[in-house]
Amino acid sequence: MEKYIVQKPINEIMLNCKKQLSIIINKIIVKQIEGSPMKKLCLWAAFILFAASQIVWSQAGITGSAHDFSGQGWGTTEICQPCHTPHNADASLTDAPLWNHQTTTTTFTLYSSSTLTTTTIGQPDGSSKLCLSCHDGTVALENFGGTTTGTHFISGEHNLGVTLANDHPISFIYNTALATADGGLFDPATHTTSLGGTINNDLLIGGKLQCASCHDVHNHYNNPSLLKISNNGSMLCLTCHNK
Ligand code: HEC
Ligand code: HEC
Ligand code: HEC
Ligand code: HEC
């Protein structure tokens, strides 16, 4: 939970509001306990409706997520803008829909290990390069829409840095051949995920494993850490690894 550097205070205020409001409502209910059972029932119904309406504060989607920069000093009230633009986008990149953010030029140190089966890990490509354009800590967050002189950089554990040797490998091909050669991986062409499709359809991008295999930048699934599949009980890991 310590990850919510900026959001944490907001979430805490929201939680406190909710607590205060439910205390007030509970007091009203207690006062009415002497009243008719129907009155009591109505008040409980009102309380349940009220509680349900609070769910809006933890809704899926960018708004209120770690990628909602509208409350930041450097941000903009247009929440898509730090990443996308309808016009004059950077069309030089692959898998970068209407991209608006300055991209990283870092040459990364890649993951390697003697037990690794894949031989296709290369410099981050596709949408992973877009993530690293904020998450490697070399490009300022507000460097979008042509700005190149920003001064706010990603910090703490959100900054993966320029070495990816200590991160799960990305930007490599994960196919049936790799699964067979490795022995400890499910076949991405046939094994299904909790999202309903195959690993290939649900988690790979052009047959490759990328940051976006595990994360959803738009917080569509509303899991902690913007994960596509919750990692409770290592569920995410066990979607691909047959361990
Ligand atoms: C923090 C950066 C970021 C923000 C903010 C953001 N996006 Fe994206 N978006 C991306 C990245 C990266 C991709 C490509 C990778 C992917 O789809 O996971 C993408 C892909 C897309 C795509 C194409 C793929 C798809 O998911 O349909 C659409 C459409 C899109 N974004 C719309 C939006 C809209 C609309 C907003 C604002 C409400 C928004 N995005 C906010 C980073 C962002
Ligand atoms: C415009 C810059 C930008 C881009 C592009 C971007 N991020 Fe982020 N991301 C951030 C910032 C800033 C934070 C930290 C926000 C905070 O301090 O709460 C963050 C937070 C996160 C978190 C932590 C969420 C949490 O709840 O703890 C994850 C995971 C993440 N980003 C993944 C990605 C992935 C994957 C991509 C690409 C598909 C991506 N980001 C693209 C700026 C960006
Ligand atoms: C194989 C799955 C996987 C891939 C690929 C992956 N992540 Fe993550 N990431 C996770 C999980 C799981 C967590 C939550 C870790 C935790 O709670 O301890 C996480 C956490 C994060 C966080 C929150 C800070 C932290 O360290 O806990 C950020 C930021 C992040 N990832 C960004 C990225 C970026 C950028 C990429 C691509 C360069 C990426 N991730 C690739 C699974 C993945
Ligand atoms: C989308 C599928 C997928 C998910 C989800 C995933 N992995 Fe992986 N992981 C792979 C593939 C494919 C490799 C490459 C294996 C190889 O070539 O040896 C890999 C590599 C690794 C390696 C390096 C193996 C080595 O021999 O050096 C470790 C460790 C690992 N994953 C752990 C995890 C953990 C922990 C999680 C959950 C946080 C996770 N993975 C989630 C597909 C996935």
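Read the figures in this text as sums done on the coordinates, not as results from a lab. Here the structure is a predicted model, which is why all the values come from computation and not from measurement.
So what J values fall out for segment 113-128 if you push phi through Karplus, 6.51 cos²θ - 1.76 cosθ + 1.60 with θ = phi - 60°, rounded to Hz, Gly and Pro as x?
Coupling constants for segment 113-128: 6, 6, 9, 5, 8, 5, 10, 10, 5, x, 4, x, 10, x, 5, 4 Hz.
Taking 2.2 N^0.38 Å as the expected size of a compact globular protein, what ratio does the Cα radius of gyration of segment 77-243 give against it, to two decimals?
1.08
Suppose a student asked you for the relative contact order of segment 77-243, using Cα pairs under 8 Å spaced at least 6 residues apart; what percent would you report?
Relative contact order, segment 77-243: 18 percent.
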